[in-house]
Amino acid sequence: MNLVTVNLSHYWKRPALILWQVLILVMLLPSIPILLEQKVNTWMTPLYWPLFWMLVMGTMTATYQLEILSKPLSYTLPGHRRIVRKLLFGFNVFGSLLCAAMVLLLYPRDITSRCCAAILVLAFGQILFWIGVWCSYRSRNQAIVGFAFPILIFGPMMMDSISIGQYWLQPMVAAVVAVLSGIVSCWAWRILGRASVFQACCGRHYLGFTGAFSAGQVKKAQREQFKAISVETDEKLSRLGRFFVEKIARNRNQPFASFIYGVMYQTLGPVALMTLKSHGTNLIFMSLVFLLFGYYGKTGNLFIWLMFIFSILGTDLQVHSTLLLTRGRMERFVSALMSLVFLTLLGLVMASVGIAATILLAPYMPTFPIRGFIAEFHALSWQSCYLFIIGAPIVALLRLLFWGKKYFMFMSIIIVSGLMGASFPLLMNIRDNLIQVNWGIIVVILILAWSTFTVYLYRVCFHKNLAIK
Amino acid sequence: MTKVDTLVQFCDVVKRFGATTALDKISLDIQPGSIIGLVGSNGAGKSTLLRHIIGLYLPDAGTCTTLGMEARRLGPAEFARLGYVHQEGELIDWMYVGQLIRYVAAYYATWNTELEQRYVKDFELNLKDRVGSLSPGQRQKLAILLAIGFEPELLILDEPASALDPLARRQFLNLMLEMIQTQNRTIIISSHILSDVEKIIDHIVIMDKGRIVRNCALDTLQEEFCRVTLTAAGGKLPESLPFRNAIDWSRSDGQAVLTLRHADEAQIVRQAETIGCQAQIRRMSLDELYEAAIK
């Protein structure tokens, strides 16, 4: 078996990679009918998909390769680093040629415009591929492919809003972009020839795609992140720690209070650990999300709560912790349940702050045309908060159900997200009708969701093993 | 009915994981004040057994009683008397070492700060290090500190020295010896490094494929087996050797090494003399005893 075969065998031998490949393929399938669409109102959208495809391809290929090279055994195979460079270029050339050929054959324009479009896709595609490679390289231990989803959702909309007309489909422009792409490719070839680029990866933990499903791998990645965090938050963390430690010690003789404080401390501690810069970045990100959803109107009201629902997935209710404290199974049950209640309330408070901000900002926000519509900012409403109160225990239940089975959990999230997306129009109708007609049904669903979670939590805490074999 | 003086009692405990039977009708009593070595190969069921004691696992059949209470019903009062170090050493990675110690200490009314400070110094733990950035050995030391800081009545150590370097292992053994000598404590220690365990235990439980093969005092096991080196006075050993209770042997022309069971020393010497050989008898190490016991 030669080195190329050994390297490529990762692509079909590892189930998690196959899963990712299938998912990305499913995600990219919509690009084909759009490209084949003859009646396009704008010229950019059909070209957007091949370009997006190249960005994703660059990210994925580089992530695989860096993951492979981070293993010392793989790194030390003679000539493997050169193979990696060749493979990256091979994938790039193959992908961009394929995209360019599709555009050349299918793009519904005259032959000159088609040629220019094909060259543009070929050249831009190459550049985007290298941007994807760079993103993968720079963001070790991050779920890098996540960045593709917002681009996928908002990219076409942004592309349509840019009215640059036919200017780009000129031979001269295509030639300039092609030269630029050549320069970038030469530069990439040179950089990837440096031993230091791959030496920096060897032996260091690289989460990659498959690692994201392994609890052990994720823990390793977190440990590396903890190492990298500066110590400037010491004092803040100490204050928080002192507060909770005092509460725990004071309530030691109470039946459950100390354990509830313990779970809260473990949940809020990592947030306190973030640097000022990280807090700032998060604040800006959240503000942008709220603003964006404000322009979505009613849909934004649903999205904002869905976002908070999925944030529950990231919290650990400490049901399966093997750090032995003085908690028994009953204490685990009560503290997990109370913690979920606390987190739900915390989510409601945080969302309320954001919603209040949109109410204050609404009179001052501008309107602008987009895709033939007038985008108008609407203040977000608190009325759909029941979605979060219902969704939080459902997501926590999923986490409990698939504890230790990351593949299943991932699949269930995909399915639930898909169902939510697919049933969106239905949800909209229900939302409107329920608010106006029947709050009783909402209360029934809410009670059902919480009681199902509570019953299952009870079952886990009293009738199941609390540690992985 | 659980005996008052029994700390842990397994009664016909069966535990299965899919098709694998991890514990097969285990019955075991652990008395206070004993230092028990739990030994066995990988997959023998040692960790599974220990996790039943603290109620992390529930038996499929049979009962496991800890501190007079069914293990699944253990509450804060019982857990305050139980210390546990496990091989994966789950800790809270985002905390600093000092913070984690304070956090765990907050749950225990009996936390011994002097002991804590002493072991922080002995184990060379830096309180300002992030737990997530500790080496495996340092993590294990911290886990040990957290398990003994409140001076538990029953200390359960699941492969506690697996991540420690030789120096740290010696420190750990000294700590164990000190704990045994100065306090009336029950310790159950599972380890692959039998030479370490040998120095501290007084009772041994040998497990193999989910069953308890031996459960006796270490002295009893040491008396049961012995290793004999026979050296032929005339330069060549006879074809057959007159030791019916030999369970293992290796031989060359002039020398043979035998493992004997239930053998009397005086009788061995006499039998050796009848075939013109000289016999050297020695006690077996725990490694050798384990090998002999599972044969």
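No value in this document is a laboratory result; all are computed from the given coordinates. Since the structure is predicted, the reported quantities are computational estimates derived from the model, not experimental observations. Cβ placement follows ideal geometry from the backbone for every residue including glycine, while neighbour counts extend to all protein chains displayed.
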From the P(r) of chain B, can you give the percent of Cα pairs sitting at distances over 29 Å? 44 percent
extent check for the stretch B:167-241: Cα max minus min per principal axis, descending, whole Å, gives 54, 32, 21
Using the structure shown, select from B:Lys141/B:Lys209; B:Lys15/B:Lys199; A:Lys220/B:Lys46; A:Lys13/A:Lys71 the pairs with a Cα to Cα distance greater than 22 angstrom. B:Lys141/B:Lys209; B:Lys15/B:Lys199; A:Lys220/B:Lys46
The stretch B:1-125: Rg to Rh, with Rh as the Kirkwood radius over Cα pairs: 1.01
For the stretch B:248-267 and the stretch B:104-148, compute the distance between their C-alpha centroids and round to whole Å. 48 Å
Per-pair calculated FRET efficiency, R0 = 25 Å: B:Glu124 and A:Arg242 via Cβ, rounded to 0.05: 0.45
Taking Rh as the Kirkwood radius computed over alpha-carbon pairs of the stretch B:1-73 and applying Stokes-Einstein at 25 °C with viscosity 0.890 mPa s, one gets a diffusion coefficient in µm² s⁻¹ of 197 µm²/s
With 10 angstrom as the radius, rank A:Tyr458, A:Tyr386, A:Tyr261, A:Tyr364 by how many other C-beta atoms surround their C-beta, starting from the fewest. A:Tyr364, A:Tyr458, A:Tyr386, A:Tyr261
Between B:Arg244, B:Arg51, B:Arg283, where does the largest GNM mean-square fluctuation fall for chain B, given springs only between Cα atoms within less than 10 Å? B:Arg244
With 10 angstrom as the radius, rank A:His205, A:His463 by how many other C-beta atoms surround their C-beta, starting from the fewest. A:His463, A:His205
So how long is each side of the stretch B:222-294 along the principal axes, counting just the alpha-carbon atoms, biggest first, in Å? 34, 23, 18
Cα point-scatterer Debye curve for the stretch B:103-254, base-10 log of I(q)/I(0) at q = 0.14 Å⁻¹: -0.81
Estimated inter-spin distance, B:Ala233 and B:Thr6, nm [label 7 Å along Cα→Cβ]: 5.4 nm
Order of A:Trp189, A:Trp305 from fewest to most other C-beta atoms within 10 Å? A:Trp189, A:Trp305
Extension length gain for B:Gln280 and B:Lys209 (0.36 nm per residue less Cα distance), in nm, is 22.1 nm
Output field shielding_mean for B:45-52 (other chain Cβ, 10 Å radius) holds 1
So, over other residues within a Cβ distance under 12 Å of B:Lys199, counting Lys, Arg +1 and Asp, Glu -1, the net charge is -1
For A:Cys186 paired with A:Phe342, estimate the spin-label separation in nm (one decimal), with each label point 7 Å from Cα along the Cα-to-Cβ line. 6.1 nm
Long-range amide H contacts for B:Met207: which residues qualify at under 5 Å (H placed 1.01 Å from N, peptide plane, sequence gap of 5 or more or a different chain)? B:Val39, B:Gly40, B:Val213
Positive-end residue, chain B charge dipole about Cα centroid, Cβ charges, pick of B:Gly45, B:Ala19, B:Val131: B:Ala19
Phi-derived 3J(HN,Hα) across the stretch A:313-321 with the Karplus relation (6.51, -1.76, 1.60, θ = phi - 60°), rounded Hz, x for Gly and Pro, is 4, x, 9, 9, 7, 6, 5, 9, 5
Name the residues of the stretch B:143-167 whose amide N is less than 17 Å from a point 7 angstrom out from the Cα of B:Met179 along the C-beta direction? B:143-165
What FRET efficiency comes out for the pair B:Ala77/A:Met350, r = Cβ-Cβ distance, R0 = 51 Å, nearest 0.05? 0.85
Overall dimensions of the stretch A:282-338 by Cα: Rg and Dmax, Å: 17.4, 50
Starting from the Cα-Cα distance between A:Arg459 and A:Cys202, subtract it from 0.36 nm times their residue separation and give me the gain in nm to one decimal. 88.1 nm
With 0.36 nm assigned to each residue of separation and the Cα-Cα distance removed, A:Tyr11 to A:Phe94 gains 28.2 nm
Pick from B:Arg227, B:Arg214, B:Arg251: which residue has the top mean-square fluctuation in a GNM of chain B where Cα pairs under 10 Å get a spring? B:Arg251
For chain B, the longest principal axis of the Cα atoms and the Cα long axis of helix B:113-122 enclose an angle in degrees, to the nearest 10, of 60 degrees
So the angle from the long Cα axis of helix B:136-148 to the longest Cα principal axis of chain B, reported in degrees to the nearest 10, equals 70 degrees
1/(1 + (r/R0)^6) with r = Cβ-Cβ of A:Val176 and A:Gln383, R0 = 51 Å, i.e. FRET efficiency to nearest 0.05, evaluates to 0.45
